[in-house]
Amino acid sequence: MRTLRLLCLAALAAAPGLLRAGDLAWPPITQEQKPWTRWWWPGSAVDRANLTAQLTAIAQDGFGGVEITPIYGARGYESKFIKFLSPQYVDMLRYTAAESHRLGLGVDMATGTGWPFGGPWVSPADAEQKLVIQDGRIVPQPTRFKVKRSAPGGEGWVVNPFSVAALEHYLQPFTQALSGLPAGSIHAQFHDSYEYTASWAPEVPAKFREMHGYDLADHVAELGGQGSPDAVARVKADYRETLGELHLEYVRAWVDWSHRTGSLAREQAHGAPGNLLDIYAAADVPETEIFGSSNFPIPLYRNLPSETGENVPPPLVNRMASSAAHVAGRPLASSETFTWVREHWHEAPSEMKPELDQLLLTGINRIYYHGNAYSPADAAWPGWVFYAATQENTRNSLWKQFGWLNGYIARCQSLLQSGKPDNDILVYWPVYDLWYDGDELAKRFTIRDAGLVEKFTVHDAAAWMDAMPCGRLAADLVAHGYQFDYVSDAQLQQLRVAAGAARPIRAPGGDYGLILVPYTRHMPVATLARLIELGRQGATVVFVDGFPRDVPGYADLAAHREQLVSLVDGLRATDLGSGRQATVGLRGLIAATPSPFSATAAGLFKPIGAVREPLADAGLGVLRRRLPDGELYFVSNLTGRAFDGWAPLSRAARGAVLLDARSGRTGVAALRAGGPVSLAGGPQNGRGGPEVYLQLQPGESVFIKALDHPAEGPAWPYAEAAGAPVPLAGEWRVSFGPDVSGQTPTPPSFSTAALGSWTNEPGEAQRFAGTARYETTFTVPEGAAPDDWRLDLGDVRETARVLVNGQEADRLWSLPFQARIGRFLKPGKNTLVLEVTNLSANHIRDLEIRHVPWKNFHEINFVNIHYQRFDGASWPLQPSGLLGPVTLVPLKLARP
């Protein structure tokens, strides 16, 4: 079973190239390419009828599968709670797997309830421990940390994340319970982000001595902060590295167990105290997460402080999961997505797409929503909900419209799971500097959980990534349009070199042309020696801002420093000029340069095929993948400016097609020989590669397939304005459908010539959550005969289904709210109908104002995005409906 699943995952890399029915065709959408969703089971109080109903709705809304995570339950339903891993629970799991299989869905499960791993069968000996120093001795003590948000039957101590023996004991009940399920029932096991609190395990002393060559017990003073600052930092760094290695062994043991039970393993390494790249790579599917919201300059994009939290998604950290996948040869890199992207019931698809595009640009190609909560039919609206989620469930007024977003995700992933990554550069991650500087970083950035266990969380990315030399280098690479992956010390040892190849550096998952080493103060001798050996074999290695200054570790410090100096002195044997130096006898090149983006150093990139994407000069995000018959580019405009012009590509092409994942539209692109390689007035080093004509409004994205053969098919419908916008200034008739709750009267219809929020109407309209129908008639101006018309709806709250003369013309859910409707128009009178759906927030606000009880959950019950007491009554009314202005823009088709 494990072999079959792994082979199926590996086959994803080439499938679209094999299945393509033409250059313009989208690949067939598979279960793996659809988005999945976390599915909380409150109290595990599930039954067959409700499971079938909700799984059916999930499948119909375009999801590929669910990840089951049991949590605390709802008050009043205690008699229906099912004990975790009991025979009744396993029976519900078996039924869910069977129904999901029937509906074309997959099923993942968290290896536990709530988070992190733990439960009633975790003994005190296997539970978390913390290091306590008393009278100069280490005295381990229990942390007494219990599973957070646990489900019935899952309450208990958290297992020690530094003990494989403790994990093996923890997994025994799972092995027994899951053994009764049919083969293939569970697609993957899931390990959530590191939120353990342990700092000690019985395995620490032996592991510490094995790794570092001295006894920890002899240096308790330094561990406690006594002694010279350098000695204290070195002993603590050795301790942190030891914990990181023990946790890596813990994760590997869990992955092996997952395989033995017939499942894949999804691992969220972030937050762990070890080398995240190695921990991510230990799993079949490395998984990152985005928590919070970004502030994009896209017109009409909303990022209001009242609706958003303090956290901002960290793209440079998100890239670590995809880097681990790329280097290790894992075809999928996933993300827990849309966690706390907005306040409850304030998440609109138009606000979610830019976050999604930013994530896809980091190399993520598998989306898991966060998420959906099981809720029985007899639970009054809004039903059972989770306290930190998108509320992506059937009770949300935007449930069907999230399905439109799901279609976009599926089309994106059908391409992003095709071919192979095409990143030119490996960037070394200097984790030893972070372990050494842990205390100082904690002081500078007020990192949570600072101390002996240094956790690399997504919340603290500014401290351990963005502000560090590696983060600054990575940001510069992104800004200059270079494609890259991070690489760890252990992964460097796995690299091989094919001297003379265009990209000679061979990792298990792909080929690279260059290794960049950011400013590094503490580098192991073994790592530097490996980099030099790679250079001798024919690789190019560039040290930014000079060679490493020192070695990590406390033991044999003088000897290790001498070895490092000897290696660095050897590298300085030959002066290459302009600050570049290399060792004698290299088949490749090892150089030191102040900046890889200077005019002098830029010459290092070209010979080894490290080419940049000049579209970055225009602020566009670009991701590149290699296809069997060419190159795939994902281009997203997250700026406040439209792009209309020739887009230089870095790879050769004889033909090109454009694919719009929002609409599904495809067409043959205009292609010409290369022009200047810079779009921003910078250095223009001659002619670039081929150029494709692009027209991207702020918020839009597109795929480019640059082919090794001429493209055939209908041309992409480029257009330009052929006149001034024509306002649709007539009367609108507005009528309402049923409220999503099914519990309130339908608001009365009304007519208006001045568009605005329907909440301006008195009464029921102010608490309505659902879809309203806007209808108007208009006449195309006499004498106007453009090639096409673009309908611009202006501000829409939040989605609009567009019908022209009774025919569906488009489904608009993302910025900008524009549709091409010329083919649906007719001479004379035309009818325009817009089915506009709003947020559920106003209805929640009304429940709160009227003190209608609905927050009836055990444990945390309910909090707002700031983790304070939820108070929807204080929310302002959310603008709802068609705010406009609505215009028609005459278009002239063009062929650049």
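The residues of the chain present an accessible area of 35 Å² per residue when probed at 1.4 Å with all protein chains retained. Between S595 and R144, the modelled labels are 5.5 nm apart [label points 7 Å from Cα along Cα→Cβ].
Short to long, the 10 Å bins of the Cα pair-distance histogram for the chain hold 2, 12, 20, 24, 20, 13, 6, 2, 0, 0 percent of all pairs.
Both radii come from the Cα set of the range 253-403: Rg as radius of gyration, Rh as Kirkwood radius; their ratio Rg/Rh reads 1.01. For the range 881-896, putting each phi into the Karplus relation 6.51 cos²θ - 1.76 cosθ + 1.60 with θ = phi - 60° gives couplings of x, 9, 9, x, x, 9, 9, 10, 10, x, 10, 10, 5, 9, 10, x Hz, in residue order, rounded to whole numbers and with x for Gly and Pro.
Of all complete DSSP H helices in the chain, those with a Cα span along the helix axis of 15 Å or greater and a mean Kyte-Doolittle hydropathy of -0.5 or more are 48-60, 164-178, 315-328, 399-416, 469-480, 525-537, 557-571.
Compute the normalised compactness of the range 32-173: alpha-carbon radius of gyration over 2.2 N^0.38 Å, N being the residue count. Walk me through the numbers before you get to the answer.
Details: Rg = 18.1 Å, N = 142, 2.2 N^0.38 = 14.5 Å.
Ratio of Cα Rg to 2.2 N^0.38 Å: 1.25.
Taking a straight Cα-Cα cut-off under 26 Å and skipping sequence neighbours fewer than 8 places away in the same chain, the lysines within cross-link reach of K826 are K892. Once the mean of 1/r is taken over each pair of separate Cα atoms and inverted, the range 731-795 shows a Kirkwood hydrodynamic radius of 14.0 Å. Given R0 = 22 Å, the distance between the Cβ atoms of L877 and A753 translates into a calculated FRET efficiency of 0.50.
How large is the Rg to Rh ratio of the range 791-839 when both quantities use alpha carbon positions and Rh follows Kirkwood? It would help to have the intermediate numbers written out before the result.
Values: Rg = 10.8 Å, Rh = 11.1 Å.
Dividing the radius of gyration by the Kirkwood radius yields 0.97.
Overall size of the range 453-577 from C-alpha positions, given as principal axis extents largest first: 42, 40, 32 Å.
Remark on Y486: its backbone amide H falls under 5 Å from those of S323, V427, a criterion applied only to residues 5 or more positions apart or on other chains, H modelled at 1.01 Å from N. The Cα atoms of the range 317-464 cover 55, 40, 24 Å along the three principal axes, with the biggest extent listed first.
Could you please report the charge total around Q268, scoring K, R as +1 and D, E as -1 over all other residues with beta-carbon less than 9 angstrom from its beta-carbon?
On the way: positive: R266; negative: D192, E267, E287, E289, E336.
Its environment carries a net charge of -4.
Here the accessible area of the chain is 51 percent carbon and sulfur, with a 1.4 angstrom probe and all protein chains present. When the scattering of the range 769-896 is computed by the Debye formula from its Cα atoms alone, each counted once and equally, what is log10 I(q)/I(0) at q = 0.10, 0.11, 0.14 Å⁻¹? Debye curve over Cα of the range 769-896, log10 I(q)/I(0) at q = 0.10, 0.11, 0.14 Å⁻¹: -0.47, -0.54, -0.71. Computed on the Cα atoms alone, the convex hull of the range 619-677 gives a volume of 112 cubic angstrom per residue. When its C-alpha radius of gyration is set against 2.2 N^0.38 Å (N residues), the range 497-560 gives a value of 1.27.
Taking the Cβ of L834 as the centre, find all other residues whose Cβ is under 9 Å away and add up their charges (Lys, Arg: +1; Asp, Glu: -1). All intermediate terms of the calculation are to be shown ahead of the outcome.
Numbers: positive: R773, R801; negative: E775, E835.
Here the charged neighbours net out to 0.
Note on A785 and L557: the model spin-label points, each 7 Å out from Cα along the C-beta direction, lie 8.7 nm apart. Please work out the Cα center distance from the range 313-388 to the range 694-713, rounded to the nearest Å. Cα centres, the range 313-388 to the range 694-713: 26 Å. Applying the criteria of a DSSP loop state and at most 10 other Cβ atoms within 10 Å to the trypsin sites (Lys or Arg not before Pro) of the range 842-896 yields R850. The relative contact order of the range 263-377 comes to 28 percent, based on Cα pairs under 8 Å that sit 6 or more residues apart.
Across the alpha-carbon atoms of the range 79-161, the computed radius of gyration and Dmax are 17.6, 63 angstrom. More than 13 Å apart: what percent of Cα pairs in the range 372-427 qualify? Pairs farther apart than 13 Å: 71 percent. Structural descriptor for the chain: relative contact order 11 percent, calculated from alpha carbon pairs under 8 angstrom and at least 6 residues apart. One Cα centroid belongs to the range 721-757, the other to the range 817-834; the line between them spans 16 Å. Within the P(r) computed for the range 454-523, what percentage of the Cα pairs occupies the region above 18 Å? The answer is 50 percent, as a whole percent. Considering only beta bridges that DSSP places wholly inside the chain, some 65 percent are antiparallel.
Just to confirm a number: summing +1 for Lys and Arg and -1 for Asp and Glu over residues other than L415 whose beta-carbon lies under 10 angstrom from that of L415, what do you get? The partial results should precede the final answer.
Numbers: positive: R411, R625, K705; negative: none.
Residues near L415 contribute +3 overall.
How long are the semi-axes of the ellipsoid equivalent to the range 247-339, from square roots of 5 times the Cα gyration tensor eigenvalues, in whole Å, largest first? Could you put the intermediate results ahead of the total?
On the way: eigenvalues 189, 32, 29 Å².
Semi-axes from the Cα gyration tensor: 31, 13, 12 Å.
Both radii were evaluated on the Cα set of the range 129-237; the Rg over Rh quotient, with Rh as the Kirkwood radius, amounts to 1.09.
Averaging over every viewing direction, what projected area does the convex hull of the Cα atoms of the range 701-821 cover, in nm²?
On the way: hull surface 43.3 nm².
Result: 10.8 nm².
Once you keep just the Cα pairs under 8 angstrom separated by 6 or more residues, what percentage relative contact order results for the range 42-196? Relative contact order, the range 42-196: 28 percent. Estimated purely from DSSP H runs of n ≥ 4, each contributing -39500 (n - 2.57), the mean residue ellipticity at 222 nm for the chain is -7500 deg cm²/dmol once divided by its residues.
With a cut-off of 20 Å on the backbone N, the residues of the range 178-193 near the modelled label site 7 Å out from H101 along Cα-Cβ are 178-190.
Per-residue surface analysis assigns D422 an accessible area of about 0 Å², computed on protein heavy atoms at 1.4 Å probe radius.
The values are calculated or read from the model by the stated rules, or taken from the named source; none is laboratory data. Nothing here was measured: the structure is a model prediction, and the numbers come from that model. In this analysis, Cβ positions are derived from the backbone assuming ideal geometry, glycine residues included, and neighbour counts consider all displayed protein chains. To get the accessible areas, we keep the full protein, side chains included, count just its heavy atoms, and leave off ligands, DNA and RNA. Shrake-Rupley method; radii C 1.70, N 1.55, O 1.52, S 1.80 Å.
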